[in-house]
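Here the structure comes first, spelled out in structure tokens, and everything after it is commentary.
Values in this text are rule-based calculations from the coordinates and carry no lab data. Please read these numbers as outputs of a predicted model, since none were measured by experiment. All Cβ positions, glycine included, derive from the backbone under ideal geometry; neighbour counts span all protein chains shown.
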There are 2 protein chains.
Amino acid sequence: MKRTEIASLGEFGLIDHLTKNIELKNSSSEKGVGDDAAVLSYGNKKTLVTTDLLLEGIHFDLMYVPLKHLGYKSAIVNFSDIYAMNGQPKQVTVSLGISKRFSVEDLELFYDGLALACQEYGVDLVGGDTSASLTGLAISITCLGEGEEGKIVYRNGAKETDLVCVSGDLGAAFMGLQLLEREKAVYDGKKDFQPDFTGKEYLLERQLKPEARKDIVKFLAEEGVVPTSMIDISDGLSSELKHICKQSNVGCHIYEERLPIDYQTAMMAEQFNMNVTTVAMNGGEDYELLFTVPLFMHDKVSKIKGVHVIGHITKDGNGFILETRDGAEIEIKAQGWDSIGEE
Amino acid sequence: MKRTEIASLGEFGLIDHLTKNIELKNSSSEKGVGDDAAVLSYGNKKTLVTTDLLLEGIHFDLMYVPLKHLGYKSAIVNFSDIYAMNGQPKQVTVSLGISKRFSVEDLELFYDGLALACQEYGVDLVGGDTSASLTGLAISITCLGEGEEGKIVYRNGAKETDLVCVSGDLGAAFMGLQLLEREKAVYDGKKDFQPDFTGKEYLLERQLKPEARKDIVKFLAEEGVVPTSMIDISDGLSSELKHICKQSNVGCHIYEERLPIDYQTAMMAEQFNMNVTTVAMNGGEDYELLFTVPLFMHDKVSKIKGVHVIGHITKDGNGFILETRDGAEIEIKAQGWDSIGEE
């Protein structure tokens, strides 16, 4: 593959090169890349803003994450935060810190992935910036979106008897990561090594090319459902449940048998000798939506494809309870992904 | 000094701790730290957004930059980008990537500096996030601001015969950096080393605690002046002049004798055997405003304290000219700070 040294373009040349084909499509994007700041116009809509800093070795491993996938996923995790507010992502800015080992072509791949995610979700890239990094790749992404007055959903509105709902299935992205880590350990520099991923494509896809649940936000709107609280599952169901319960001053009661788990996740957990419920409760990076709705909306949410009612909200002080298949009630512990906590 | 390990608080505990005293003051800040995204309301104003990624070893050296100053400066450089659009910064989000060598107290210092800058410039901190970093400190800052329809100033509006204006003085931040680097080299681990900064306080302050030119934006508004183009000087005057000229399809003619230079900058350049004009043209991080106004506004801009008319805009193709004190015309080369270009 062709390798163009980044230094041959310089900082401004590089960002011009990477952003030259970008067209703005949203009417709220007035001015994109190329000035001191982007200019947006949200009229009477609310502006939502979320930001993420992704660092090599902590949030991703370039040993098995292709740069195009990384670009795609970096955008998706931010879009997901905007959907979790019941909003629509509209603009994204990206800053990269890059070391000398990257070529212009490497960064083109990253931008290809980013552009693909933007295209699929109707988001404009309005700001880009690159600088040197002494060590690994650093990616800073900020996403802006719009929300409608009265329809923005926070984490703090869950009420007693509300239904706890989750989209999609849980734990697959975590098992995908375990699988990649295992193959990386087996590989260990061997020539002609071919990792064995047969029958595990879903797990890999969930880890390497996650999607944000734009569709669920749309279905909810079509059904006239505004959740009482919502959050996206990035650090694991247990951790996100606790955020909602703590901020809403309530407890929750979740049923183990109702946790949505794909058969590949279950099989892989079996192979790894892991408890699949623990995987579903604590595996991160699913980017599914966890939300609560009033009890009377049961029929409305049940008919939304991909939404599962997994429990209900209880009074404050009743704890965070997981009812197991055999009827035992155990306290949910958040063992979600926390990059800086005690191990 | 007390040292509290970050791991003792965990990721969520840490960010709660660092942001617990933050109050939102701007009416456009509806919801700050603590949800998937912040919620802002700009009504009929335009939203401006700018973002920066600052990496240890590239953008700052913790050997001589105190963490509180770093927090302050990280905010200021982003506010400066919003002022350069003729806007007002209103909200800021910060993400930190931190290694184990930092304590909770270290991060409190960083946040103290950030909070001080926010207070002095009337900006709300609406999003915060921390994660681990395997290597150095990584700081990602996004600033949002508001601009008024028709009064936002881009880089591309400079016209032939427009006056080229600059605020404050140039090159001091660069000389401050040279001074710090020299003392660092002299120090080299010596015990009881006392760096000698007497008479050079202004240079240090310009490097370590820069300010953004909120006052100039206010004065311009009071005088009813909307510049035809504007940019902030982060990479050096030459580089910023070229951005304006290229995007406006014009040339420029600058007079060496009109470049505003503080006497400390001049003395320090003399000591370092550097050409002071080169320092003023290419030294970065001044965070002054460079802007153009129509010729007939000469009297209006001249009476604004701290604004200097340094030249005028010429026809496209006439080049970027610096007229020296002895009347020679030389082509301006942008040697501004470019972290990834060829050396």
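Find the Cα radius of gyration of chain A, compare it with 2.2 N^0.38 Å by division, and give the number to two decimals. Please list the in-between numbers first.
Values: Rg = 21.0 Å, N = 343, 2.2 N^0.38 = 20.2 Å.
Normalised Cα radius of gyration, chain A: 1.04.
Of all DSSP beta bridges confined to region A:1-140, the antiparallel ones make up roughly 50%.
Applying a DSSP loop filter and a limit of 14 other Cβ atoms within 10 Å to the chymotrypsin sites (Phe, Trp or Tyr not before Pro) in region B:186-285 leaves B:PHE193, B:PHE197, B:PHE272.
Could you work out the helix-only [θ] at 222 nm for chain A, with each DSSP H run of four or more residues adding -39,500 (n - 2.57) and the total divided by the number of residues, to the nearest 500 deg cm²/dmol?
Details: 10 runs with 111 residues, N = 343.
The helix contribution divided over chain A gives -10000 deg cm²/dmol.
Treating only the Cβ of Lys, Arg, Asp and Glu as charged (+1, +1, -1, -1), what charge dipole size does chain B show about its Cα centre? Round to the nearest 20 debye.
Working: 34 positive and 54 negative charges, 85 e Å.
Result for chain B is approximately 400 debye, rounded to the nearest 20.
For region B:248-330, the ratio of Cα radius of gyration to the globular rule of thumb 2.2 N^0.38 Å stands at 1.20.
What is the local net charge at A:MET297, summed over the other residues whose Cβ is closer than 10 Å to its Cβ (Lys, Arg +1; Asp, Glu -1)?
Residues near A:MET297 contribute -2 overall.
Pairs from the list B:LYS200/B:LYS305; A:LYS73/A:LYS315; A:LYS209/A:LYS305; A:LYS218/B:LYS31; A:LYS151/B:LYS90 with a Cα-Cα gap above 27 Å: A:LYS73/A:LYS315.
For the protein assembly as shown, the fraction of alpha-carbon pairs lying more than 36 Å apart is 43 percent, rounded to a whole number. Report the residues of region A:288-312 in range of a label on A:PHE197: point 7 Å along Cα→C-beta, backbone N strictly under 14 Å from it. Answer for this model: none.
Here's the picture: charge each Lys and Arg Cβ at +1 and each Asp and Glu Cβ at -1 in the protein assembly as shown, and of B:MET267, B:THR142, A:PRO89 the one pushed furthest to the positive end of that dipole is A:PRO89. The calculated FRET efficiency for the pair A:ASN318 and B:LYS218, based on their C-beta separation and a Förster distance of 51 Å, comes to about 0.40. Shown for B:SER8: label points 7 Å from Cα along the beta-carbon vector, and their distances to the equivalent points in the other copies, 5.4 nm in ascending order.
Its Cα centre serving as origin, region B:6-148 has a Cβ charge dipole (Lys and Arg +1, Asp and Glu -1) of approximately 140 debye.
Karplus-based coupling profile of region A:265-275, in residue order and whole Hz: 4, 5, 5, 5, 4, 4, 4, 8, 6, 10, 6, with θ = phi - 60° in 6.51 cos²θ - 1.76 cosθ + 1.60 and x standing for Gly or Pro. Toward the positive end of the charge dipole of the protein assembly as shown, with +1 on the Cβ of Lys and Arg and -1 on the Cβ of Asp and Glu, the farthest Cα among A:GLY327, A:LEU220, A:GLY317 is that of A:LEU220. In nanometres and ascending order, the distances from the B:GLU270 label point to those of the other copies are 8.4 (point 7 Å from Cα along Cα→Cβ). Note on region B:34-179: Cα Rg divided by 2.2 N^0.38 Å, N the number of residues, gives 1.17.
Which value, in debye to the nearest 20, gives the size of the charge dipole of the protein assembly as shown about its Cα centre, when Lys and Arg are +1 and Asp and Glu are -1 at the Cβ? Mind dumping the intermediate values first?
Values: 68 positive and 108 negative charges, 141 e Å.
The dipole magnitude comes to about 680 debye.
Each residue of region B:310-325 was assigned a 3J(HN,Hα) from its phi angle through the Karplus expression (A = 6.51, B = -1.76, C = 1.60, θ = phi - 60°), giving 10, x, 9, 8, 10, 4, 4, x, 7, x, 10, 10, 10, 8, 6, 4 Hz with x at Gly and Pro. At the listed q of 0.16 Å⁻¹, the Debye profile of region A:162-331, built from one uniform point per Cα, gives log10 I(q)/I(0) equal to -0.92.
Projecting label points 7 angstrom from Cα along Cα→Cβ for A:ASP326 and A:ASN44 puts them 5.9 nm apart. Starting from the label point of B:LYS151 at 7 Å along Cα→Cβ, the same points in the other copies fall at 3.2 nm, in ascending order.
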